[in-house]
Amino acid sequence: MKKKYSFGQKLKQTRIDFDLSLRDLGSKCGISFATLCKIENDLQKPQAKTIKKITDALELPSTYFIDYI
């Protein structure tokens, strides 16, 4: 059975897979370091537009995080 990650955990793993820091990802997608940090630590749920900015910046399909929201 596949391990179920939270959205924050999946975002962090994806960011690490792309070899990006939080600041790098923030610059790439136009989201503040503080917001990304809160999302990765599951202190804030991302809005749909935030998820879209992240997937666009990483050139991922818009459905990439669908199982984690």
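The values are calculated or read from the model by the stated rules, or taken from the named source; none is laboratory data. On a predicted model such as this, the values are computed, not experimentally measured, just so you know. Cβ atoms come from the backbone with ideal geometry, glycine included; neighbour counts cover every protein chain shown. Each accessible area value is taken on the protein alone, full model and side chains, heavy atoms only, with ligands, DNA and RNA left out. Shrake-Rupley method; radii C 1.70, N 1.55, O 1.52, S 1.80 Å.
Annotation: Met1 fulfils all but one of (1) more than 11 Å from the chain's Cα centre (by Cα); (2) modelled with pLDDT under 95; (3) surrounded by 11 or more Cβ atoms within 10 Å (Cβ to Cβ); the unmet one is (3).
Here is a check on your reading of the model: is Lys28 closer than 16 Å to Lys10 by Cβ and open to solvent by 50 Å² or more (accessible area, probe 1.4 Å)?
Answer is no for this residue.
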